[in-house]
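So the structure is just underneath, and the comments pick up after that.
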């Protein structure tokens, strides 16, 4: 590296000295060259044009910064370029050093009969073509830069802001409903003449609500995220369900029920803290038999040749309205016979010695539902517990053979 710097500085100094040359010095140099016993051998001609070697001179103690202004060239005349072409037979002239005090320059010592190096691009950076970019040596820094460049060209995963921009905007009406804490209630028909009821009230999480349909009513609560899904037995061909909140807000929805004519249905509803149970004994079954349908054996709706029980309401809510509904798909059964119905009431400290009331709803096909209110006088409190069984309060359900 030091060698390159020295050669570069020398080239600058030579160029400055050329501009300070005079015709006298040129003549003197020619005389000195003629007196040399052996001519300097010429270089082998290079394929490309080589720079000329103009006459050069140095002032005795002149610094590099003082060389340029000492030029005696005529105004408007440029000194020969260091990279100018020269004839193949022209060698590099020997520099003449001026003597102190302005005397005539003394002859420079005769160099050995070696070839004078040609002042060319190779003299500044030997062995390097200045027209060809030099690639940096591989190293940690180069590898890091390469990895950064490759990473910038790789596809980047979408950011959250990009995903938000790509998502379609919400409907303005839906946005307004969300901002106003709206309540969504959707009622759709389900097999077995049932009503699938969905509630979404995001601003009423865990709220206690009352659902009602055609005289049937029960209390429950929404989930922690404000949702509710309930299966309600239909009692009318065009079934409407209403949800009511404690502050008086209401929301309703309705749906047609095409298969209502195929079911027989009886409902029992009451209010806590009383406890009641609706028992159905299908085709002569006894208590605990497979044909005994009650809250511990409710079965599944929509299954041919068997009845099912629906339990509605949350007994954990103080004063909650509760309901149990027994349904039988008479239009789909190959059986005929009788289904006995009875009401069973546990005797507890909360109900003993009190008069209880309940409602029954009877539905036979597409006929209008019949609602009756019954009154129950509970036994005195003797601490014995037990059950009060009321057979015959509800008429038996007659199931006809499906032809």
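Only one entry of 316, 383 meets the criterion of being free of Cβ contacts under 8 Å to residues at least 12 places away in the same chain, under 19 Å from residue 218 (Cβ atoms) and out of contact with any helix residue (DSSP H, G or I) (no Cβ under 8 Å at 6 or more places or on another chain), and that entry is 316. When restricted to residues that are on the phi < 0 side of the Ramachandran plot, at pLDDT below 95 and touching a strand residue (DSSP E or B) at 6+ places or on another chain (Cβ under 9 Å), region 292-314 contains 4. Residues that are surrounded by 14 or more Cβ atoms within 10 Å (Cβ to Cβ) and farther than 21 Å from residue 194 by Cβ within region 336-353 comprise 337, 340, 342, 343, 344, 345, 346, 347, 348, 351, 352, listed in sequence order.
Within this structure, residue 235 passes the test of being surrounded by 18 or more Cβ atoms within 10 Å (Cβ to Cβ), outside any helix (DSSP H, G or I), modelled with pLDDT of 95 or more and assigned by TED's automatic domain parsing to the domain that holds residue 200. Between 188, 197, the distinction of being closer than 16 Å to residue 325 by Cβ, in a strand (DSSP E or B) and touching a strand residue (DSSP E or B) at 6+ places or on another chain (Cβ under 6 Å) belongs to 197 only.
The values are calculated or read from the model by the stated rules, or taken from the named source; none is laboratory data. Keep in mind the model is a prediction, meaning the values are calculated, not measured. FYI the Cβ positions are ideal-geometry reconstructions off the backbone, even for glycines, and counts take in every protein chain you see.
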